[in-house]
Amino acid sequence: MTGKQPALGEQPAQGENATQTGAPADKNAAPILDSQKDVLRKRKGKNGRQGGENASEQANQPTQQNGQQAQAPKPAPVDQGPPPTDDRAAQQAIQPEKIAPVTEEKGKRVERAPDENVRDRRRPQGVDVVRELGDRVILQFNNQTIVESSDAPRMHRGARNVYYEDLSGDRTREIVERDNGVRIITIRNRYGDIIQRSRIAPDGHEYVLSYVDESQYEDEGDWRDPGDDLPPMRLTIPREEYILDSENVEDPDDYYTFLEQPPVERVQRLYSIDEVKRSARVRDIARRVDLDTLNFDFGSASISDTEVQKLEGVATAMEKLLKKNPAETFLIEGHTDAVGTPEANLALSDRRAEAVAQALTNAFGIPPENLTTQGYGEEYLKVNTAGPNRENRRVAIRRITPLVAPVASNN
């Protein structure tokens, strides 16, 4: 799959060099945490973006009277103590609740797939479509610009049967049946956000891959950042315990050891997969693997066979984790450098994330339902430069299971 855009150069640059608190140690280093980059970006405003910005996009940014972007005050920092020792401890603040089987509610079979085209989806008030780039849609809301795409091509590939049902409250249910007897069932709300996804094994056992309290989610009525309810993160561990750079991996088992680790702070509630994708603060709770040895040609989302083999170590770690818990979910993030237009970079980064997910499934057998993808373009630079930079053209992986699924339900 290719995504030709304005050329993104290939010159190497110095790597990220930051302290454990996320403060840059030199002028070219970006903060470690994406939420810190978000704060700096919003404080700076889109007009301060290096490399220029589309004027119409600037005009759509909500501002206060003094020209600064409106921001809700963050809660005061809270000392959460040391990082949780395991996923169960990370979910200590979450009240256990009974989760109804994903098939419990009776649905009405529909002939056509709901929102089959991502461009036709219903969206909350205040969400504007900025641009359409092929099968990607660029959206703007809450002072941020994101790319939206569909996971249907990955989920449906090789399926024996796929059908849909209407549920109450404008929700839909998708059922994907595979030749091995496995069913992947996904419930989405009226905006297409995933409310619940489960894998049902041939023996009838249901593994909850993701779940969010629907009443809480629906009460919001729009897409707001759940990270606004959290204080700024205080990262109290060294950088190497929070980010694993694949170029520094000497033993492939390092991927498993790293990904197995729990979040770096307690999880206050379960989030939908879409909330995690849209919130830098929530994503920051999960540790990150930077696949900085994986190379893409400039402006391309294609992965050569040689590059695919570089995924073997992380794929083996995923396979090992899935044997312990078949309900693991991994977020694959795509990133670009700051050369080219922001919208084109968003679409390109999203295609790159999808290409990695496809490679993990096709070459190594990682089930597509355990992978979710999102492109972030140039929004979260690893090296703070507007010029071409190889280290900013990267794919990252986080194990987000403790953020999106109740641990006890799968044990």
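At-a-glance table
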item	result
Point-to-point label distance, Ala152-Leu40, nm (Cα→Cβ direction, 7 Å offset)	4.0 nm
Accessible heavy-atom area order of Lys320, Lys37, Lys106, highest first, probe of 1.4 Å	Lys106, Lys320, Lys37
Label zone at Glu214, where the point sits 7 Å out along the Cα-to-Cβ direction: segment 144-172 residues whose backbone N lies under 20 Å	163-172
Euclidean distance between Cα centres, segment 125-177 to segment 259-292, Å	21 Å
Efficiency of FRET from Cβ geometry, Ser168 and Arg112, R₀ 30 Å, rounded to 0.05	0.95
Where labels lie 7 Å past Cα in the beta-carbon direction, separation of Glu250 and Asp128 in nm	5.3 nm
Those residues of segment 130-173 whose amide nitrogen sits under 15 Å from the label point placed on Glu104, 7 Å along Cα→Cβ	168
Histogram of C-alpha separations across segment 228-370, 10 Å bin width, %	10, 37, 39, 14, 0
Burial ranking of peptide ranges 393-406, 194-207, 245-258 (average Cβ count within 10 Å, highest at the top)	393-406, 194-207, 245-258
Probe 1.4 Å - accessible area at Tyr191, Å² to nearest ten	30 Å²
Label-to-label distance, nm, for residues given as Leu322 and Arg269 (7 Å Cα→Cβ offset)	3.1 nm
Order by protection proxy (mean Cβ within 10 Å, highest first), peptides 266-276, 174-184	266-276, 174-184
Arg119-Ala159 FRET efficiency (beta carbon distance; Förster radius 22 Å; 0.05 resolution)	0.40
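The values are calculated or read from the model by the stated rules, or taken from the named source; none is laboratory data. Note that this is a predicted model, so its numbers are computed, not measured. Note that we place each Cβ from the backbone using ideal geometry, even for glycine, and neighbour counts take in every protein chain shown. For accessibility, only protein heavy atoms count, side chains too; no ligands or nucleic acids. Shrake-Rupley method; radii C 1.70, N 1.55, O 1.52, S 1.80 Å.
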